[in-house]
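*Asks:* Right, I'll just put the structure down here and ask away after.
The values are calculated or read from the model by the stated rules, or taken from the named source; none is laboratory data. Here the structure is a predicted model, which means the values were calculated and not measured. Positions of Cβ are generated from backbone atoms using ideal geometry, with glycine treated the same way; all protein chains shown enter the neighbour counts.
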Amino acid sequence: MSNRRGQTDSGDSIAGRAPCPIEAYLERLHRKHAAEIGGEVATYIPELAKANPEWFGICIATTDGKIYEVGDTRQSFTIQSISKPFVYGLALEDVGRDAVLAKIGVEPTGEAFNSISLAPNTGRPLNPMINAGAIAAASQVAGHSPGDRFHRILSVFSLYAGRQLELDAAVYESESETGHRNRAIGHMLRNFDIVTGPPEVPLDLYFRQCSISVDCRDLSLMAATLANGGVNPLTGERAVRHQLVESVLSVMTTCGMYDYAGEWLYWVGLPAKSGVAGGVLAVLPGQLGIGVFSPPLDARGNSVRGLAVCKDLSRDFNLHFLRVPRSARSAVRAEYTLTAVSSKRRRTERERALLDALGERVRIYDLQGDLVFAVIEAVVRRIVDASPLLRYAILDLQRVTDVDDSAVAILADLLLGFGAYGRGILFVDSGNHPRFLRRLEERLAAAQCHERLRAFRDRDAALEWCENHLLAQTELEPRPTNSIALADHGLCRGLSAESVAALESLLVHETFSAGELIIRRGDAADRMYLLVSGEVSVIVQLQTGRLVRLSTLSPGMAFGELAVIDRGRRTADVRADGKVGCYALSVEVFDRLDETHPAIKMRLLQNLLGNVSQMLTRLNQEVTTLAM
Ligand code: DON
């Protein structure tokens, strides 16, 4: 989408790029409202009267840093009252919630922005979005001097906008010269000790904050920074503490649009703030920020085109933040048991049979999205309902985008409750939720049960842990020894002792030390291996560099067998997990078996095919389960 500078924000050359429906929609929206002629440019601050009523820009910034813009999105104007929520956040940051609430309320006035709405006895401004509250908030910004305080405001605003902002001196002068009503408000606040020093100091700071020059793109990024929990989506820099964002958005929701707040919430439903220079900023928490700029204002001092654009956006994209989220039902992406999906450790037939019988005792919950209360409640209810049969529940957090603090408490109690019955809850997290796991550990440690926290980097490891513990708990038979004779190898099933001896004479016994690479991906496949002692793992490296285990094999199993079938190149690395002994069967020897020992070859092939069909059966079952 070309803005006045004819290039997309991401600098893509337009040629050959598929039309983006969002961009096309915003173009249509801009065309629709550009025709709007209602409203008057503000004149009570003379410098503002110079604005061109045709200026009109719309910008949307997502919390992952994508920016859509149309129209005059790079036209500078002064931020005016849109500065108020950001300075309120700064006051909360600098003096703390209690000190701010002592001076400024959070109640909507239902009156105009410049109403002298002070609480009768205390003189406390009703909220920080009206001028009185904004001046009080400015007086609480930290700094050793007025210049220092303004510098603090400017640098924090620049963090929100993701670029260095400047003061519009002409507007500042103009406002300062004509700000008599605000001065009256300032003196009222001084009269009630809401501001304690000469009121001119916070007043001047207020005039300066209102005169900071921004453009529509800046507004959308400032809004997206709030939507992103205080972190600028483009720069990754934090502009305000996560915990304070909800307080800022709360007063924007109830008071941001003054005596239009009720209708705004009803029709648009986004925390927002408008300014008399024609800016409107709106926030959809967790998703995006909107910036609209158009100087003509309605009687309440809100941009006419700004309101109309936000109404259409909210209606057309269902942006109302009170819209019932459907997330609770869709957070469990998949749920299955160890019967359907197993670890990549290849099991002996005896172990396989045991695990197939015990598999229902382990349930895996593949979660996705934000784990907020409604979501975690639904997940915990499913686990508790299944618990009579359960020994272990695995919660896979790899597709989870955020874990709400409420989930920590609930999951900690679930873990403690489960543990009391010898059951366990395991977490799979590839490093995306360190804060959640740390807080969970803290809660368990507080209950002297920190050892109950089991977290794994990948699901495979968690599945294997459960399998090993289920097998160990059955203790029906001791685990098979870690070395076998060739005659007991799975590929030798059905071969006579003579045949095994004949085969052994053709094989080459090889040993490998722990960590040694036995097969390298891409090498020519010239032999297969019959594993008789120790364990090996089959590993591939993904394009991301992450190593993934495809399987772990133990004595009695074979690897590299594709060599004798397709004579191609190795498709994965095979590494010795410990000291390993195996018999190598070269493709030359295998081929010669046609003449020398056709019966042995037939038996080997039958056993090989038997293995392949078992693997395929399991794989089909797992793919079916995971595709659900
Ligand atoms: O104090 C004033 O009057 C201006 N600096 C700001 C007012 C304003 O932006 C009201 N918003 N709609």
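*Asks:* From the list E516, E510, E504, exactly one residue is charged (D, E, K, R) and closer than 30 Å to S430 by Cα. Which is it?
*Replies:* On the way: E510 fails: closer than 30 Å to S430 by Cα; E504 fails: closer than 30 Å to S430 by Cα.
Result: E516 is the single residue among E516, E510, E504 that is charged (D, E, K, R) and closer than 30 Å to S430 by Cα.
*Asks:* Also, I was wondering about something else. Scan region 207-218 and report the pairs whose first residue is modelled with pLDDT of 95 or more and whose second residue is away from the ligand (no atom under 11 Å from the Cβ) and polar (S, T, N, Q), with Cβ atoms within less than 8 Å and a gap of 6+ or a chain change.
*Replies:* Taking only residues 6 or more apart or on different chains, the pairs are S213/S76; V214/S76; D215/T73; D215/Q75; D215/S76; C216/T73; C216/Q75; R217/T73.
*Asks:* Let me ask something additional. Give the number of residues within region 184-227 that are within 12 Å of the ligand (Cβ to nearest atom) and under 13 Å from S158 (Cα atoms).
*Replies:* Count: 2.
*Asks:* I'm trying to understand the selection: among the residues of region 347-376, which are of a type in the set (A, V, I, L, M) and under 16 Å from W465 (Cα atoms)? Lay out the reasoning, then the answer.
*Replies:* Step one: filter region 347-376 for residues of a type in the set (A, V, I, L, M), giving 353-355, 357-358, 362, 364, 367, 371-372, 374-376.
Once the filter is applied, which keeps residues that are of a type in the set (A, V, I, L, M) and under 16 Å from W465 (Cα atoms), region 347-376 yields L354, L355, L358, V362, I364.
*Asks:* Taking region 281-319 on its own, how many of its residues are within 13 Å of the ligand (Cβ to nearest atom), in contact with a helix residue (DSSP H, G or I) (Cβ under 8 Å, 6 or more places away or on another chain) and without any contact (Cβ under 8 Å) to a residue 60 or more places away in the chain?
*Replies:* Qualifying residue count, region 281-319: 2.
*Asks:* Please go through region 105-116 and pick out each residue that is surrounded by 18 or more Cβ atoms within 10 Å (Cβ to Cβ), within 16 Å of the ligand (Cβ to nearest atom) and within 18 Å of T253 (Cβ to Cβ).
*Replies:* If the condition is that a residue be surrounded by 18 or more Cβ atoms within 10 Å (Cβ to Cβ), within 16 Å of the ligand (Cβ to nearest atom) and within 18 Å of T253 (Cβ to Cβ), then P108, T109, F113 are the ones that fit.
*Asks:* Sticking with this structure for a sec: Among G286, G278, which is of a type in the set (G, A, S), within 25 Å of the chain's Cα centre (by Cα) and on the phi > 0 side of the Ramachandran plot?
*Replies:* Working: G278 fails: within 25 Å of the chain's Cα centre (by Cα).
After applying the criteria, what remains is G286.
*Asks:* Sticking with this one: Only one of these is of a type in the set (A, V, I, L, M), closer than 17 Å to R346 by Cα and under 35 Å from the mean Cα position of the chain (by Cα): A558, A572. Name it.
*Replies:* Values: A558 fails: under 35 Å from the mean Cα position of the chain (by Cα).
Going through A558, A572 in turn, just one is of a type in the set (A, V, I, L, M), closer than 17 Å to R346 by Cα and under 35 Å from the mean Cα position of the chain (by Cα): A572.
*Asks:* Can you tell me how many residues in region 543-563 are in contact with a strand residue (DSSP E or B) (Cβ under 6 Å, 6 or more places away or on another chain) and more than 23 Å from N468 (Cβ to Cβ)? So that I can check it myself, show each step before the final result.
*Replies:* Keep residues of region 543-563 that are in contact with a strand residue (DSSP E or B) (Cβ under 6 Å, 6 or more places away or on another chain), which gives 547-553, 555, 557-561, 563.
Keeping just the survivors that are more than 23 Å from N468 (Cβ to Cβ) gives 560-561, 563.
Final tally of qualifying residues: 3.
*Asks:* Turning to a different aspect of this structure: Cβ-Cβ below 9 Å, separation at least six or inter-chain, first residue in region 525-538 and under 15 Å from N482 (Cβ atoms), second surrounded by 24 or more Cβ atoms within 10 Å (Cβ to Cβ) and of a type in the set (S, T, Y): which pairs?
*Replies:* V536/Y529
*Asks:* Tell me, yes or no, whether region 469-477 has at least one residue that is more than 17 Å from R350 (Cα to Cα) and either touching a residue at least 40 places away in the same chain (Cβ under 8 Å) or surrounded by 12 or more Cβ atoms within 10 Å (Cβ to Cβ) (or both).
*Replies:* Step one: of region 469-477, the residues more than 17 Å from R350 (Cα to Cα) are none.
No, every residue in region 469-477 fails to be more than 17 Å from R350 (Cα to Cα) and either touching a residue at least 40 places away in the same chain (Cβ under 8 Å) or surrounded by 12 or more Cβ atoms within 10 Å (Cβ to Cβ) (or both).
*Asks:* Shifting gears a bit: Return only the number of the condition from (1) under 16 Å from L203 (Cα atoms); (2) within 16 Å of the ligand (Cβ to nearest atom) that L126 does not satisfy.
*Replies:* (1)
*Asks:* Evaluate the following for S145: is it of a type in the set (S, T, Y), within 15 Å of the ligand (Cβ to nearest atom) and surrounded by fewer than 24 Cβ atoms within 10 Å (Cβ to Cβ)? Steps first, answer last, please.
*Replies:* Values: of a type in the set (S, T, Y): yes; within 15 Å of the ligand (Cβ to nearest atom): no; surrounded by fewer than 24 Cβ atoms within 10 Å (Cβ to Cβ): yes.
Answer is no for this residue.
*Asks:* In this structure, is I79 within 16 Å of the ligand (Cβ to nearest atom), more than 21 Å from A299 (Cβ to Cβ) and in contact (Cβ under 8 Å) with a residue 40 or more places away in the chain? Working first, answer last.
*Replies:* Values: within 16 Å of the ligand (Cβ to nearest atom): yes; more than 21 Å from A299 (Cβ to Cβ): yes; in contact (Cβ under 8 Å) with a residue 40 or more places away in the chain: yes.
Considered against the rule, which asks whether it is within 16 Å of the ligand (Cβ to nearest atom), more than 21 Å from A299 (Cβ to Cβ) and in contact (Cβ under 8 Å) with a residue 40 or more places away in the chain, I79 comes out as yes.
*Asks:* Check region 516-539 and report whether any residue there is in a loop (DSSP other than H, G, I, E, B), surrounded by fewer than 19 Cβ atoms within 10 Å (Cβ to Cβ) and among the aliphatic types (A, V, I, L, M).
*Replies:* No; the residues of region 516-539 include none that is in a loop (DSSP other than H, G, I, E, B), surrounded by fewer than 19 Cβ atoms within 10 Å (Cβ to Cβ) and among the aliphatic types (A, V, I, L, M).
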